[in-house]
1. Report the trypsin sites (Lys or Arg not before Pro) located in the range 71-175 that are in a DSSP loop and have at most 11 other Cβ atoms inside 10 Å of their Cβ, or state none.
2. Between ARG75 and LYS53, with labels modelled 7 Å along Cα→Cβ, what's the label distance in nm to one decimal, could you check?
3. List every residue whose amide H lies under 5 Å from the amide H of HIS47, counting only residues 5 or more places away in sequence or on a different chain, with H placed 1.01 Å from N in the peptide plane.
4. Positive end of the charge dipole of the range 196-251 (Lys, Arg +1 and Asp, Glu -1 on Cβ, about the Cα centre): tell me which of VAL237, ILE222, LEU198 has its Cα farthest that way.
5. So what are the ³J(HN,Hα) numbers for the range 284-292, from phi and the Karplus equation (6.51, -1.76, 1.60; θ = phi - 60°), rounded to whole Hz, Gly and Pro as x?
6. Can you compute the modelled spin-label distance between SER219 and LEU318, with each label point 7 Å from Cα toward Cβ, in nm?
7. For every other residue with a beta carbon closer than 12 angstrom to the beta carbon of ARG250, add +1 if it is Lys or Arg and -1 if Asp or Glu, then tell me the sum.
8. Would the range 196-251 count as rounded, prolate or oblate if I go by the C-alpha gyration tensor, calling it rounded below 1.5 in a/c and otherwise prolate when a/b exceeds b/c, oblate otherwise?
Amino acid sequence: MIDDSQQTNAFKAADDGPALPLEPWEGPAILLVDLDAFFASVEQLDHPAWRGKPVIVGGDPDKHGVVSTASYEARPFGVRSAMPSSTAHKLCPHAIWTHGHFDRYREMSNKIMDILHAETPHVQQVSIDEAFLDVTPTTVNREHPVYVAQRIQRRVEELGVTCSIGVGTSKTIAKIASDMDKPRGLTVVYPGGERDFLAPLPVRTMSGIGAAAEEKLRSRGIRTLGQLADADLNMLVRVFGKNGRVMHLRANGGDDAPVEDDDTVKSVSNEMTFAVDLTERTDVEAAIATMAAKVGRRLRRKGLAGRTISLRVKFDDLSVRSVQRQLSTPSNDELAYTPLLYQMVDEVWRPGMPLRLIGVGMSGFDDTGAVQEALFDVTEVVPTDDDVEPVVKDDRKRRGLIEATDLVKNRFGETAVRFGHELRNDENTTGSAAKNPADYK
């Protein structure tokens, strides 16, 4: 890591040009660029009177809303992303609230991604405000990765927002480093220093280790990444399967996951959180149809068709259940796969059970037909949809209807053509938004 004196000089270098000799860099160099409180920062940029004040972008406190982003001025009050809006309102009642302006966020994000692509073709955008870059020095370009990071910070700041960057030899190291110093932080982990950097950190710091995995590790006396690195590999594999091997490798500073180009899409999904829980089947099917249509349209815009359809529901007690099916042929036709989703919901829900969220996703975009890694945590995989009839049976009529609605939406906007099921829950949303990159491209 850059120590305090180096950190100061690094920022100076970002503003005034390279001024600090840096240790030589040998081997892979990965950056994780994380835009600081992005939604709130854009709002403060566009509303000068909001600068220096607590700003919360999210859903309504009285409608099951969730905080999408809180400005750094709101965070000392305990407000955090993904917190229920009702809790955030109690913690910071004087905050400025907004549902957000997502076209504006997408516009700003695209400008920043253009900056990243100008540095390297190897960019993997993981959300609207976060991206990995591979800036490994080559025989042609020997520029130090830290200088690349400093230049990115300067160019992003010229747009009116800031970013924090982690620099390391792998995606795991870069991701953890990017969270160490915010806002406008630059944390560098040099080759060979990975294990010392990771050792004192809690196991939950590492992506992929959730609450359940943390509890299993704690029961075996493993609380830090250093202890995980020293743990018996065979034991980890027995407990976690192949993920145990990955966890052990990453805790020791290793990680060979590549930075995948933005064009590599693994899944397309959409979720809706409701202000008032759904209990009636008519409302649930209407929400499923709405989400399925959004997924289908995004698939067609990307030229994709998937084999694996997933349905996810969240109940009023915040428990989650999911189910997944394999389609007989790849599809991006919601009029064909929506009836299957109606069948799938019966496996995870019964009328009268309050539903707070419904999500639909499609994955499995390769040509092999093999079962893909689950988009959601699934309860079952059933390999056929042959017994399900499409909404419109005639393939030519169904495709014509979809093409016609797509043409109208392309010309006049997404709300130009709307079906009855889309209007049914139109006023029953929370105003919250996710950061799935598919939602912003």
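The numbers here are math on the coordinates, done by the rules we state, and not lab data. This is a predicted model, so every value here is computed, not measured. Here the Cβ is made from the backbone with ideal geometry for all residues, glycine too, and neighbour counts use every protein chain on show.
1. Numbers: sites: ARG80, LYS90, ARG104, ARG106, LYS111, ARG142, ARG151, ARG154, ARG155, LYS171, LYS175; in loops: ARG80, ARG142.
Hits after loop and neighbour filter: ARG142.
2. 2.1
3. Here nothing satisfies the definition.
4. Towards the positive end, the residue furthest out is VAL237.
5. After applying 6.51 cos²θ - 1.76 cosθ + 1.60, I find 5, 5, 4, 5, 4, 4, 5, 5, 4 Hz.
6. Placing both labels 7 Å along Cα→Cβ, they lie 2.2 nm apart.
7. Details: positive: LYS171, LYS175, ARG195, ARG245; negative: GLU194, ASP255, ASP256.
That works out to +1.
8. Details: a/c = 1.43, a/b = 1.24, b/c = 1.15.
It comes out rounded by the Cα gyration axes.
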